[in-house]
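Here is the structure we will look at, set down as structure tokens.
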Amino acid sequence: MENILSISNLTKTYQSAGHTLTVLDKVSFNVLEGSTISIVGPSGSGKTTLLGLCAGLDRSSSGIVELNGIRLDDLTEDQRAQVRNQYVGFIFQNFQLLPTLTALENVMVPLELRGEKNIRKNAIELLDKVGLADRINHYPTQLSGGEQQRVSLARAFSNKPKILFADEPTGNLDAETSDKVEKLIFDLNTEAGTTLVMVTHNLDIAAKTQRIIKLKGGVLVSDELNNIEMVDELKYGKE
Amino acid sequence: MEKNNQFSSPGSLNFRWLLLMAWRDSRRNRSRLFLFISSIILGIAALVAIYSFGDNLNRDIDDQAKTLLGADLVIETNKALMPGVESWMDSIGDDRSQERSFASMVYFTKSQGTRLVQVRALKGNFPYYGDIETQPVSASKTFRENKDALVDKTLMIQFDASVGDSIKLGNLSFKIAGVLNKAPGQTGFSAAVAPIIYIPLNYLEQTGLSQKGSRISYNFYFKFKDPKKVKSFAKEIEPRLDKSELNFETVESRKENTGRSFKDLTQFLSLVGFIALLLGCIGVASAIHIYIREKIGTIAILRCLGASSKQAFIIYLIQIVGIGFIGSVVGAIAGTLIQQVLPAVLKDFLPIEISAVISWTAILQGIGLGIIISVLFALLPLVSVRNISPLNTLRISLEETHLFKDPVKWLVYFLIVLFIFCFSFMQLGEWKQTIFFTLSVVFSFLILAGMAALLMFLARKFFPSSWNYLWRQGFANLFRPNNQTLILITSIGLGTAFICTLFFVQDILIGRVNLSASGNQPNMVLFDIQTNQQKQVADLTKKMGFPIMQEVPVVTMRLEEINGKTAIQAKKDSSSEISSRIYDREFRITYRDSLTSTEKITEGKWIGHATENKLVPISMDEGYATRNHLKIGDKMLFNVQGVPVETEIGSFRKVDWNRIQTNFLVIFPEGILEDAPQFHVLITKVGSAAQSASYQKAIVKTFPNISMIDLGLVLSVLDEILDKIGFVIRFMAGFSIITGIIVLIASVLISKYQRIQESVLLRTLGASRKQILIITAMEYFFLGALASFSGILLALASSWALAHFSFETTFSPKPLPVLALFFIISTLTVLIGMFNSRSILAKPPLEILRNDA
């Protein structure tokens, strides 16, 4: 199996009130294609910053990010946008749906951006998969939090991404809804064979990924495989 | 690295999708977008109205030029015809009329009133096009056959005269055959300044008013069976006319002249309308700024999903173009409706009937201008869309791109200034004025923006911590994130400055007029006094108890040559800076041995007595000399009613033309003109209106040839004119004022969305409606007060500069109206602010949270 994501000596600093603030300090790791990993750590440990850099949402201060064999730090913002459109799916804690678009339109946007045609059927199928077939013409404000996150999931898978980045995907949901969304994420991910990189506080969800990376104060403090079964899975693949 | 190459060029724009996204994204914002653009509607309306008016004016001038002139060709002169010319003129055209016009006193027999009027003695069938409008209509034809007169309607009202009464002009009485409503080419104002009386030319001699030395204009009107030939014919006879010192006008030349004078009016009005538009544009820029801030989240999501910065930028650009187009169309419709009113507002200035036809050119111009200007001003906040990071999906960062870091913003500023420059150049057509106008606009904006920045700095630095919470909160809102301080102070300040400057300028003008009329200033001017009447008139004046304040001889003459060049040679010499028009005028010149108190030599040497066998040293008004590129030592040959007199410019004088007394462009020394044909001017001061009337009556009765100007009457006419001009300016300024209010309403409404969270939080924490109301009122009071204060300061500075440099007078503004304006603007700001915030207060916090979350 090949690495879909390679991070090497990744550092991110900010200038604030005349001081240099190091948010990430020389973080390195690789992610195998098709694997699921979670990034955990206390608030302010640099989890979200790391996710942003991995997904090409921001530029690092130093170090290398290689996504699907493409050096992101060499690209301009617009070129990184193309990379995201081609290979990346996103799920956010606060759903991040476009408020003026219906559920269906939100799901269609990534494909429309690619200039693809006849995408409506595919988008409706995805919404059907997440159980929202009867809500396709609703606007985000007309949907509950769980429904919005399911639209967000359908959108994330609409462009058939190679890698899915999720930032606290259940952070804004109640326990029951959270469980449903969580199941959907893993089911869809398995079905599509997508790599999943998830930032979470929730160790129960983290425990369901194959690998857990722990950050503290911007430094990678542990990078462990989750359990024997998963280690086997990672080593030998699924049976 | 090979894979990297496929991302080296940005993806295609996919314009169809961009249009679709622009439409989708605007779904929940259309009414707000329209509110943003509403601030330019009035500016566009003003411009479309003025452009349509200009178009109609030009077309109507074209259509009615014949009636303006009344004939195909007019030959005019202000001196008696040379021998042979009259018989030559009898051979021109297919029908001929002639007219003598001059100023004289009229005496109304019934009311025993007198007044200076313009007498037109007419013979023939003039006008050939249009009518002399009279009541009864037949009077315009019948008066020519009898000893009848047509009397201007204002005179009829003033002297309570009716048709059938008699008037006396010179030695002869005429019966009023009809009321003159309108003479060809006459404007409302020209009738007010010098009302017209028509009499038959056959009776002019008998009035005794056409004696030698009187200032009479001779007009000869010609009609051609084939008017197309007039132009070439006029060209053919031009050398002969020049030689005979005659001027001519054709329908074509009158068309050009009238068009030119009204071009100035429409240009001025366009600039006033443009200011309203600029004011609206600040509103657009600020509204789009807030709009884009609210769209950061959406843009970040799009960027996250793979939209390029260019695509994100174009989505919002499409929205602006769309909404700018709608705003401009609404403005153009409003302008077309307003245009129906303009002819009525401006009718006193116009010599022709103006139609109110829809002008598609004006509408297209207005829509084009609206789109360009809304895009230009929206570009300022819009360019920052390019820099919105997709990272905002993970955490909202309000990191602003600094102006210095984004050269594109400088480019946009440059484009805006360039646009203002080009637009004003198109209106003014002169570099100097254009640069002055552009700089004034830019400086006004900069000064107001500077004031706003200073206020925010001072408010933060000297924050009044000891004030109670409500005051503090209202005060702190001036510099909180997303504050409206800069935009509101600039827009309200500019509006205030504009209104206030108009008030001040009007005050300066009226002040000057009053100054002239007050105190010991003279108020009665007698002219056309013949030399043999001079002593008797002076005696009569003194006998009636009025002082003789000035008595001067006036000799009329024409200029033949300058430095040996005649008018014809000057016209041919393209290298000469001296305009050939200087030869056309009739000079009225006096002679004396000393300067008066209003004159000062600025160059050369004043010589009061002529020396024999030397060129006559004359003194010339400095301004006139500069305008005509004349220098000390230039030689001028004058024709003093047939006698050539060689002169040399000996000195330049600075003359205070504002004082009521006789002033002259050229003064001769003593010892040259004493024996030339001349008339005298006497200036005196009379007391009450009754004294004035009896003095005028006594003079007119004894000396019917003498004309008198009652300055009191002139001043009241001037007052009326200023009033009407003031109304026109206020009418146009009204667009700016209302635009200012719309910008204010839009800004307040936009800020409402910003403060909802804050107000709801305060209410949740237990703040009462009253407390939130006080916080809001305080904030808007600070904003309104500071904006109007800044605007008034700006107006004081610009009015002082106008008074000092342009009107050359002192500037002492009245404090009361200024204070009133300050309170009106401040209160209006508070009221609008509170009115627009009422929806936040009227609903329970939860409802608002649900709706606006």
Next on the checklist: Six or more apart or on different chains, Cβ atoms under 9 Å: show the pairs whose first residue is in segment B:388-400 and within 13 Å of residue B:309 (Cβ to Cβ) and whose second is part of a loop (DSSP other than H, G, I, E, B) and at pLDDT below 80.
Outcome noted: B:389/B:397; B:389/B:399
Checklist outcome for this item: Counted residues in segment B:174-229 being part of a helix (DSSP H, G or I) and modelled with pLDDT of 85 or more come to 7
Checklist entry - Of the residues B:64, B:98, which is closer than 17 Å to residue B:249 by Cα and either charged (D, E, K, R) or touching a Lys or Arg at 6+ places or on another chain (Cβ under 9 Å) (or both)? => result B:98
Checklist entry - Got a sec? Which strands (runs of 3 or more DSSP E) wholly within segment B:611-655 have at least 2 residues that are touching a helix residue (DSSP H, G or I) at 6+ places or on another chain (Cβ under 9 Å) and either of a type in the set (D, E, K, R) or crowded, with 17+ Cβ neighbours inside 10 Å (or both)? => result B:643-655
Next on the checklist: Just checking, does segment B:389-401 include any residue being modelled with pLDDT of 85 or more, within 23 Å of residue B:290 (Cα to Cα) and either away from every other protein chain (no Cβ under 14 Å) or crowded, with 17+ Cβ neighbours inside 10 Å (or both)?
Outcome noted: yes
Checklist outcome for this item: Of the residues in segment B:99-148, those that are over 17 Å from residue B:175 (Cβ atoms), part of a strand (DSSP E or B) and of a type in the set (A, V, I, L, M) come to B:103, B:105, B:116
Checklist entry - Looking at segment A:65-123, which of its residues are within 9 Å of chain B (Cβ to nearest Cβ), surrounded by fewer than 21 Cβ atoms within 10 Å (Cβ to Cβ), assigned to a helix (DSSP H, G or I) and among the basic types (Lys, Arg)? => result A:114
Next on the checklist: Of the residues B:154, B:114, B:134, only one is surrounded by fewer than 18 Cβ atoms within 10 Å (Cβ to Cβ) and either at pLDDT below 85 or hydroxyl-bearing (Ser, Thr, Tyr) (or both); which?
Outcome noted: B:154
Checklist entry - Are any residues in segment B:566-610 free of Cβ contacts under 8 Å to residues at least 12 places away in the same chain, more than 26 Å from residue B:550 (Cα to Cα) and among the hydroxyl-bearing types (Ser, Thr, Tyr), and if so, which ones? => result B:574, B:575, B:576
Checklist entry - Which residue, of B:262, B:248, is in a strand (DSSP E or B), away from chain A (no Cβ under 14 Å) and within 30 Å of residue B:127 (Cβ to Cβ)? => result B:248
Item to check | Breaking point among (1) part of a helix (DSSP H, G or I); (2) within 9 Å of chain B (Cβ to nearest Cβ); (3) within 17 Å of the chain's Cα centre (by Cα), for residue A:56 | outcome: (1)
Next on the checklist: When you scan segment A:24-39, do you find a residue that is over 28 Å from residue A:189 (Cβ atoms) and surrounded by fewer than 14 Cβ atoms within 10 Å (Cβ to Cβ), even just one?
Outcome noted: no
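Residue by residue, here is whether (1) within 22 Å of residue A:105 (Cα to Cα); (2) part of a loop (DSSP other than H, G, I, E, B); (3) within 12 Å of another protein chain (Cβ to nearest Cβ); (4) in contact (Cβ under 8 Å) with a residue 12 or more places away in the chain holds:
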| site | (1), (2), (3), (4) |
| --- | --- |
| B:20 | yes, no, yes, no |
| B:23 | yes, no, yes, no |
| B:27 | yes, yes, yes, no |
| B:37 | no, no, no, yes |
| B:40 | no, no, no, yes |
| B:45 | no, no, no, yes |
| B:49 | no, no, no, yes |
Checklist entry - Does segment B:279-291 contain at least one residue that is over 27 Å from residue B:121 (Cα atoms) and within 14 Å of chain A (Cβ to nearest Cβ)? => result yes
Next on the checklist: If I filter segment B:797-818 down to residues being in contact with a Ser or Thr (Cβ under 9 Å, 6 or more places away or on another chain) and part of a helix (DSSP H, G or I), which single residue comes out as nearest to residue B:445 (Cα to Cα)?
Outcome noted: B:798
Next on the checklist: What pairs come out if I take residues in segment A:1-15 that are closer than 10 Å to residue A:67 by Cβ and pair them with residues that are part of a strand (DSSP E or B) and of a type in the set (Ser, Thr, Tyr) whose C-beta lies under 6 Å away, six or more apart or interchain?
Outcome noted: A:4/A:195; A:7/A:28
Next on the checklist: When you scan segment B:344-362, do you find a residue that is of a type in the set (Ser, Thr, Tyr), touching a Ser or Thr at 6+ places or on another chain (Cβ under 7 Å) and touching a residue at least 40 places away in the same chain (Cβ under 8 Å), even just one?
Outcome noted: yes
Item to check | Scope segment B:576-610; condition over 21 Å from residue B:554 (Cα atoms), among the charged types (D, E, K, R) and in a strand (DSSP E or B); matching residues | outcome: B:603
Checklist entry - Based on what the data block shows, is residue B:573 farther than 27 Å from residue B:218 by Cβ, modelled with pLDDT under 90 and more than 34 Å from the chain's Cα centre (by Cα)? => result yes
Checklist entry - Out of all the residues in segment A:36-45, is one or more within 15 Å of the chain's Cα centre (by Cα), within 12 Å of chain B (Cβ to nearest Cβ) and of a type outside the set (S, T, N, Q)? => result no
Next on the checklist: Here is a check on your reading of the model: is residue B:247 farther than 30 Å from residue B:320 by Cα and touching a Leu at 6+ places or on another chain (Cβ under 8 Å)?
Outcome noted: yes
Checklist outcome for this item: Within segment A:16-37, residues among the hydroxyl-bearing types (Ser, Thr, Tyr) and within 17 Å of residue A:70 (Cα to Cα) come out as A:28
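If you take the residues in segment B:402-438 that are under 30 Å from residue A:55 (Cβ atoms) and at pLDDT 80 or above, which one is surrounded by the fewest Cβ atoms within 10 Å (Cβ to Cβ)?
Restricting to residues being under 30 Å from residue A:55 (Cβ atoms) and at pLDDT 80 or above, the top hit is B:407.
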Checklist outcome for this item: Scanning segment B:1-23 for residues that are modelled with pLDDT of 60 or more and over 18 Å from residue A:116 (Cα atoms), the one surrounded by the most Cβ atoms within 10 Å (Cβ to Cβ) turns out to be B:22
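Matching residues to (1) in contact with a Ser or Thr (Cβ under 9 Å, 6 or more places away or on another chain); (2) at pLDDT 80 or above; (3) not in a helix (DSSP H, G or I):
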residue	(1), (2), (3)
B:482	yes, no, yes
B:493	yes, yes, no
B:499	yes, no, no
B:513	no, no, no
B:538	no, yes, no
B:541	yes, yes, no
B:560	yes, yes, yes
Checklist entry - Which fully enclosed helices (runs of 4 or more DSSP H) of segment A:125-210 have 2 or more residues being within 14 Å of chain B (Cβ to nearest Cβ), buried (at least 23 other Cβ atoms within 10 Å of the Cβ) and not small (Gly, Ala, Ser)? => result A:145-158
Item to check | Residue, nearest to the chain's Cα centre (by Cα), within segment B:303-314, restricted to residues that are buried (at least 23 other Cβ atoms within 10 Å of the Cβ) and within 7 Å of another protein chain (Cβ to nearest Cβ) | outcome: B:308
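The values are calculated or read from the model by the stated rules, or taken from the named source; none is laboratory data. Quantities reported herein were computed from a predicted structural model and do not represent experimental measurements. Positions of Cβ are backbone-derived with ideal geometry, glycine not excepted, and every protein chain shown enters the neighbour counts.
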